[in-house]
C-alpha cells in the first residue's frame, strides 16, 4: 500500500510589502510618488522647456549650481522667466538628480529607521 502525501498548507496572504534592493530604482519610485508642485532647485539636474513653436530648450541646473550660482537666485530667475514666457510654453519637464536626492534624504531615513 502506498502512503498518501501530506497535503501542503495553502499560502498565507500577508500585508507585507516587497523591499526593493535596487537603490536607484527605490529612489526613482520615491521621486515619482512626490507631488511635483514644489521641486527644490538643489535636486534638479536640468529642466527641459518645450515651446509651442516646437523649439526645445534645456537648462542645466546642476552646472549652474556647480559653477557657483546661488540656488535661490536660480529659482527666482526661473520663476520670472516662466511667468514672462507662460503663453509660449507648451511643456516643462524637470529632471531630478537621483544621486543628490539619495545623499540628501538617506541620512535622515537612516536616523528614523535605526531602531527598527
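Contact map, the range 50-76: residues that are under 17 Å from residue 98 (Cα atoms) paired with residues that are assigned to a loop (DSSP other than H, G, I, E, B), Cβ distance under 7 Å, separation 6+ or inter-chain. Pairs shown: 62/97. So which residues in the range 77-116 are more than 30 Å from residue 54 (Cβ to Cβ) and either surrounded by 11 or more Cβ atoms within 10 Å (Cβ to Cβ) or touching a residue at least 60 places away in the same chain (Cβ under 8 Å) (or both), if there are any at all? 99, 100, 101, 102, 103, 104, 105, 106, 109, listed by residue number.
State yes or no: is residue 108 assigned to a helix (DSSP H, G or I) and more than 19 Å from the chain's Cα centre (by Cα)?
Working: assigned to a helix (DSSP H, G or I): yes; more than 19 Å from the chain's Cα centre (by Cα): no.
Answer is no for this residue.
One residue is enough: does the range 52-71 have a residue meeting the conditions modelled with pLDDT under 90, within 20 Å of the chain's Cα centre (by Cα) and part of a helix (DSSP H, G or I)? Give the derivation first.
Taking the range 52-71 and keeping what is modelled with pLDDT under 90, we get none.
Scanning the range 52-71, I find no residue that is modelled with pLDDT under 90, within 20 Å of the chain's Cα centre (by Cα) and part of a helix (DSSP H, G or I), so the answer is no.
For the range 87-98, the condition of being at pLDDT 80 or above, in a helix (DSSP H, G or I) and over 18 Å from residue 45 (Cβ atoms) holds for at least one residue.
The values are calculated or read from the model by the stated rules, or taken from the named source; none is laboratory data. Every value quoted in this text rests on a predicted model; they were computed, and no experiment measured them. In this analysis, Cβ positions are derived from the backbone assuming ideal geometry, glycine residues included, and neighbour counts consider all displayed protein chains.
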